[in-house]
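Following: one structure in structure tokens, then a few remarks.
The values are calculated or read from the model by the stated rules, or taken from the named source; none is laboratory data. The structure presented is a predicted model; accordingly, all values stated were derived computationally and were not measured. Glycine gets a Cβ as well: all are built from the backbone with ideal geometry, and neighbour counts include every protein chain shown.
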Amino acid sequence: MKIIVAIKQVPERDARIRIDAAGTGIDLQDVEFALNESDAYALEEALQLKEANGGEVVVISAGPERVGQTIREALAKGADRGIHIESDDLASYDPLGIASLLAAAIRDEQADLILTGLQSDDLGFGQTGVILAELLAIPHATLILKTEVTPSGIKVLRELEDGWFQHVEMATPALLTIQSGSNKLRYATLMGIKRAKLKEVRIVSAADLAAADPALKPGQPALTLLRLNLPHKQRSTQILAGTPDQAAAALVEKLQFEARVL
């Protein structure tokens, strides 16, 4: 079984975020980067499927030269090889454009299964995976918690609303978007880090892919980000009147229904 995992490099969760001068993105200067959390769970699901059924795990990511570090991290955890779509202007691509690049780079791989994270930690559109499935003309399922290979394809467990779950049987090839928390993530071992240096990473230029297919050119994106703003922080103080018992009851009510921490 050949499994392709689409991963994304995003700013660290605890990174200090500043809006750039254009007001449509974040200032990447002095920002540390990491593997997108949902994509880490997609990678773990792929590695477990490989361990149980054999085959090959290929990771693919798009972005500037620094993305190679994230690809090597995935290789150190157990992926067999990587594909790097190199581009310094990835911000000019919307989810449709990114999915088009991924489709062009992996179409000839003839994968049995393609896994992506549910959404990215930075933009959070949650669209790239399902658009990629449409471009490749393969079935897809989202919010996947568990995957099992069957004689006729795969069987997946989906998370629905209000604590409901759904079992779905699908033929392959197929694409799945993996929910965070579905597995316990592994760490890269010292031996895995050494082996990752010897594994193949194929570099393909986004410009070359676009030249081969004019539909990939980012000139007219279907989605345009007009303005990005940091959340507005506001401090306020409330004095709860009444007896100690009344004040305590009012405090519990506010913590439950306003702050939603209880």
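The table below lists the values:
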| read-out | value |
| --- | --- |
| Unique residue being buried (at least 18 other Cβ atoms within 10 Å of the Cβ), closer than 21 Å to Gly55 by Cβ, more than 20 Å from the chain's Cα centre (by Cα) and touching a residue at least 40 places away in the same chain (Cβ under 8 Å) when the list is Ile178, Ile154, Ile144 | Ile154 |
| Index of the failed condition, Leu49 passing every other in (1) touching a Lys or Arg at 6+ places or on another chain (Cβ under 9 Å); (2) buried (at least 18 other Cβ atoms within 10 Å of the Cβ); (3) not in a strand (DSSP E or B) | (1) |
| Candidates Ser92, Ser61, Ser38, filtered to the one that is more than 22 Å from Thr150 (Cβ to Cβ), touching a Gly at 6+ places or on another chain (Cβ under 6 Å) and not aliphatic (A, V, I, L, M) | Ser38 |
| Any hit, the stretch 161-175, residues being exposed (fewer than 10 other Cβ atoms within 10 Å of the Cβ), modelled with pLDDT of 90 or more, over 20 Å from Gly82 (Cα atoms) and of a type outside the set (D, E, K, R) | yes |
| Filter result (of a type in the set (S, T, N, Q) and surrounded by 18 or more Cβ atoms within 10 Å (Cβ to Cβ)) within the stretch 86-126 | Ser87, Ser100, Thr116, Gln119, Ser120 |
| Ala133 vs. criteria touching a strand residue (DSSP E or B) at 6+ places or on another chain (Cβ under 6 Å) and free of Cβ contacts under 8 Å to residues at least 60 places away in the same chain | yes |
| Residue match in the stretch 63-75 (condition: without any contact (Cβ under 8 Å) to a residue 60 or more places away in the chain, of a type in the set (A, V, I, L, M, F, W, C) and either in the same structural domain as Thr189 (by TED's automatic domain parsing) or under 17 Å from Ser120 (Cα atoms) (or both)) | yes |
